[in-house]
Amino acid sequence: MRVLIAKPGLDGHDRGAKVVAHALRDAGIEVIYSGLKRTPEEIVQEAIQEDVDVVGLSILSGAHMLLARRVLDGLRAQDAADIAVVVGGTIPPRDVESLKRLGVQDVFPMGTPLPEIVKAFRRAERPGGEG
Amino acid sequence: MKELRAHAGFPIAPAYGPEDLAGVDFERDIGRPGEYPFTRGIHKHMYRERLWTMRQYIGFGTPEETNARFKYLMAHGQDALNVAFDLPTQLGLDSDDAKAEGEVGRVGMAVDTLADMEAAFDGIPLDRVSVSLTINGMAAPITAMYYAVAEKQGAAPERVVTTPQNDILKEFIARGTWIYPVDPSLRLVADLIEFSARHYPRSNPVSVCGYHIREAGCTTAQEMAYGLAIAAAYVELMLARGMAVDDFAPRISFNFTAWGKIFEEVAKFRAGRRLYARMLRERFQASNPRSWMFRSLIGGGGSAFAVQEPENNIVRGAYIALAGALAGAQTMALPTYDEAYTIPSPKAQLIALRTMQICAEESGAADTADPLAGSYYVEALTTAMEKQILDELARVERMGGIVEAVKSGAVQAEVARQAYLFEQRIVSGEIPKVAVNCHVGDRPAEADRDVELYSFDPSATEAQVAKLARIRAERDDGVARAALDRLADEARGSANLMYPIMEAVKAYATLGEMAHAMKRVFGEHQEAVRL
């Protein structure tokens with residue numbers, strides 16, 4: 001299983017993204033980390049090029065609705081909607097359902113235990129993955 | 001008996017006694033408050049003469065909205081301001097830049113031109129209020145705007161007290177609002193320090209932040225070690241320009257956290273003050289006692305707080321305030337209990353301010369200087385912390401020094417590694433967190449959501465963009481263009497860029513225009529992505 005952990009937008013807080021990346025790697029998942037300040041378009045390209053199962057977006061700036069929509073739209077436009085998108089960060093409760101309605105598979109608001117996040121990534125693996 | 005460790009990693013004994021103070025020399029290592037090496041604090045009588053400054057971090061939406069919140073807190077006894085800027089401002093993007101979409105006014109107030117800083121400080125006398133500006137990559141132009149507003153208000157330069165953060169090294173390590181490569185970024189830091197030392201003698205042109213590095217995951221000892229290493233790097237930068245150490249060192253200030261174990265935090269600051277004083281006096285040969293003083297904002301630490309049962313964070317905030325008072329803070333700022341959810345509500349801001357006031361006025365923590373001095377435990381912890389900080393400083397040297405460690409990404413990778421270790425200790429329960437990994441209640445999650453959420457108003461962005469268009473149309477474009485050309489020209493040389501930046505600011509050049517003029521010359525930083 002391959003995962004892209006990405007930081008879209010201008011937000012520079014990468015503690016959560018890096019902690020999740022480390023945890024996924026310890027769970028035997030191959031992890032690519034985008035680095036800071038990637039545009040949604042860059043993230044879509046990287047996800048497709050690296051042929052990942054899941055894109056994990058980490059957003060702590062409040063701009064999550066817009067950025068998640070851009071990534072989802074970009075994946076659909078490139079016929080890559082089978083790549084799951086999950087979102088973590090400072091997501092207020094009222095936005096969790098809105099993100100899921102957009103097509104985000106899972107949302108990890110502040111305080112989500114790390115083991116739960118790892119499990120959710122596992123669930124998002126594409127069929128045919130090597131497990 | 002269960003083994004316990006400090007956040008710095010060393011073990012904590014169940015009891016301490018005189019035998020734990022072996023090797024400590026009272027006069028050499030501890031001394032008296034207000035005297036070298038300042039282990040016990042930088043002032044003789046500490047809070048009996050002057051309480052710490054209370055400086056909550058505020059800013060959101062437009063400058064006009066932020067101005068109203070400033071006035072609200074000042075009406076309730078807050079005596080200084082700490083301005084939050086939105087991400088486009090921090091990164092030198094105008095509010096109408098495509099990259100700024102969705103981010104204008106989100107995490108702080110939006111600033112495009114001098115007109116915005118004029119609105120933010122309308123009715124606030126800048127010769128009487130001290131203002132921190134949480135700005136780094138764009139510290140030079142934003143501080144130039146601040147100086148220009150002060151000038152327009154008629155404030156005498158020697159009465160203007162501002163503290164731009166201007167600590168770019170910690171941005172590369174932890175907070176991420178870098179723009180240019182490391183070397184030109186450091187040049188801008190030095191330009192602002194030099195300009196301020198010459199023209200605004202009471203401003204504090206750099207605030208070295210361990211705070212954000214700790215928030216990104218490092219240990220207590222690393223927080224202090226990295227802060228000291230960064231401060232030394234800035235001192236060396238200024239010495240290389242030919243400035244005398246005593247001409248700028250007295251205005252260097254710090255920004256650190258105090259969350260976690262109270263006594264360990266106090267020990268961290270006592271050890272840090274001692275190490276800093278020795279570094280400035282012995283290594284850098286400073287002779288002005290003010291150059292030896294580690295003056296710090298202490299507080300913060302949203303990562304101390306939890307999203308579960310958010311009201312508990314009010315209690316955690318009180319312990320942070322207590323730790324800050326016992327540690328000898330010059331300034332204090334607390335996270336608000338709703339921080340994990342939202343831009344703080346006025347109520348949450350007021351509770352944080354009241355928490356500091358109660359600590360100051362009611363608790364007795366401010367009655368006498370360094371009240372924990374002489375405690376077997378705290379003195380032993382101070383010694384242990386000093387040793388650990390020195391070990392971490394030696395590790396930084398092995399990475400090639402802090403500037404090289406930042407360029408290679410080695411220090412960033414170490415901070416991320418520590419963040420993961422910390423998280424594992426939370427998951428295992430080794431670091432207890434009430435209502436998170438122990439004493440977990442059966443309260444439904446919905447009850448945790450009973451916080452007033454800030455409603456982001458998209459019309460604020462429209463208003464900001466409209467104002468920017470109006471300023472661009474009204475200004476003398478020729479003057480603004482000429483100033484921007486001069487800025488780009490001088491960026492190619494080695495002159496102090498604050499002078500052309502001041503000129504551009506006063507011509508109402510936009511922040512994005514100034515940032516772009518420098519980007520053409522400096523290029524952009526390429527992050528060394530390492531896990």
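Taken together, B:460, B:491, B:509 contain a single residue that is crowded, with 17+ Cβ neighbours inside 10 Å and in contact with a strand residue (DSSP E or B) (Cβ under 9 Å, 6 or more places away or on another chain), which is B:460. Selection over the range B:397-422 of residues that are assigned to a loop (DSSP other than H, G, I, E, B) and under 24 Å from residue A:33 (Cβ atoms) gives a count of 3.
Does residue B:274 satisfy the condition of being surrounded by fewer than 24 Cβ atoms within 10 Å (Cβ to Cβ) and over 30 Å from residue A:92 (Cα atoms)?
It is false that residue B:274 is surrounded by fewer than 24 Cβ atoms within 10 Å (Cβ to Cβ) and over 30 Å from residue A:92 (Cα atoms).
For the range B:475-493, check the following and say yes or no: at least one residue is assigned to a loop (DSSP other than H, G, I, E, B) and within 30 Å of the chain's Cα centre (by Cα). Taking every residue of the range B:475-493 in turn, none turns out to be assigned to a loop (DSSP other than H, G, I, E, B) and within 30 Å of the chain's Cα centre (by Cα).
If you go through the range B:340-369 and keep only what is part of a loop (DSSP other than H, G, I, E, B), without any contact (Cβ under 8 Å) to a residue 40 or more places away in the chain and surrounded by 13 or more Cβ atoms within 10 Å (Cβ to Cβ), you end up with just B:340. I'm told residue A:120 meets every condition in (1) in contact with a helix residue (DSSP H, G or I) (Cβ under 6 Å, 6 or more places away or on another chain); (2) surrounded by 19 or more Cβ atoms within 10 Å (Cβ to Cβ) except one. Can you identify the failing condition by its number? Of (1) in contact with a helix residue (DSSP H, G or I) (Cβ under 6 Å, 6 or more places away or on another chain); (2) surrounded by 19 or more Cβ atoms within 10 Å (Cβ to Cβ), only one is false for residue A:120: (1). The single condition among (1) more than 14 Å from every other protein chain (Cβ to nearest Cβ); (2) surrounded by fewer than 24 Cβ atoms within 10 Å (Cβ to Cβ) that residue B:309 does not meet is (1). Taking (1) aliphatic (A, V, I, L, M); (2) within 26 Å of residue B:192 (Cβ to Cβ); (3) touching a residue at least 60 places away in the same chain (Cβ under 8 Å); (4) away from chain A (no Cβ under 14 Å) in turn, residue B:465 satisfies each apart from (2).
Residue pairs whose Cβ atoms lie under 6 Å apart, separated by 6 or more positions or on different chains, with the first residue in the range A:105-116 and at the interface with chain B (Cβ under 9 Å from one of its Cβ atoms) and at negative phi and the second buried (at least 17 other Cβ atoms within 10 Å of the Cβ) and assigned to a loop (DSSP other than H, G, I, E, B), are A:109/A:91; A:110/A:90; A:110/B:307; A:110/B:340. Among the helices (runs of 4 or more DSSP H) confined to the range B:58-158, the ones with at least 1 residues that are within 14 Å of chain A (Cβ to nearest Cβ) are located at B:87-90. Before we move on, is residue B:207 in contact with a strand residue (DSSP E or B) (Cβ under 7 Å, 6 or more places away or on another chain), part of a loop (DSSP other than H, G, I, E, B) and modelled with pLDDT of 95 or more? No: the conditions fail for residue B:207.
Taking residue B:394 as the residue in question, decide whether it is loosely packed, with under 13 Cβ neighbours inside 10 Å, modelled with pLDDT of 95 or more and not in a loop (DSSP other than H, G, I, E, B). Considered against the rule, which asks whether it is loosely packed, with under 13 Cβ neighbours inside 10 Å, modelled with pLDDT of 95 or more and not in a loop (DSSP other than H, G, I, E, B), residue B:394 comes out as yes. Is it the case that residue B:517 is assigned to a helix (DSSP H, G or I), away from chain A (no Cβ under 14 Å) and surrounded by 20 or more Cβ atoms within 10 Å (Cβ to Cβ)? Yes, satisfied.
Yes/no per residue for (1) closer than 30 Å to residue B:94 by Cβ; (2) acidic (Asp, Glu); (3) at pLDDT 95 or above:
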| residue | (1), (2), (3) |
| --- | --- |
| B:389 | no, no, yes |
| B:410 | no, no, yes |
| B:417 | no, no, yes |
| B:445 | no, no, no |
| B:448 | no, yes, no |
| B:455 | yes, no, no |
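Counting the residues of the range B:155-191 that are in contact (Cβ under 8 Å) with a residue 12 or more places away in the chain and on the phi > 0 side of the Ramachandran plot gives 1. Taking the listed residues A:27, A:77, A:23, the one that is hydrophobic (A, V, I, L, M, F, W, C), within 22 Å of residue A:120 (Cα to Cα) and either more than 12 Å from chain B (Cβ to nearest Cβ) or out of contact with any Leu (no Cβ under 8 Å at 6 or more places or on another chain) (or both) is A:27, with no other qualifying. For the residues B:59, B:41, the requirement of being of a type in the set (Gly, Ala, Ser), closer than 21 Å to residue B:350 by Cα and surrounded by 24 or more Cβ atoms within 10 Å (Cβ to Cβ) singles out B:59. Consider the range A:30-65 and keep the residues that are among the small types (Gly, Ala, Ser) and at the interface with another protein chain (Cβ under 7 Å from one of its Cβ atoms). The one that is farthest from residue B:215 (Cα to Cα) is A:63.
Look at residue B:107 and say whether it is β-branched (Val, Ile, Thr), surrounded by fewer than 24 Cβ atoms within 10 Å (Cβ to Cβ) and under 24 Å from residue B:245 (Cα atoms). First the steps, then the outcome.
Details: β-branched (Val, Ile, Thr): yes; surrounded by fewer than 24 Cβ atoms within 10 Å (Cβ to Cβ): yes; under 24 Å from residue B:245 (Cα atoms): no.
For residue B:107, the condition - β-branched (Val, Ile, Thr), surrounded by fewer than 24 Cβ atoms within 10 Å (Cβ to Cβ) and under 24 Å from residue B:245 (Cα atoms) - is not met.
The values are calculated or read from the model by the stated rules, or taken from the named source; none is laboratory data. From a predicted model like this one, the values you see are computed outputs, not experimental measurements. Cβ sites come from the backbone with ideal geometry, for glycine too, and all protein chains shown count toward neighbours.
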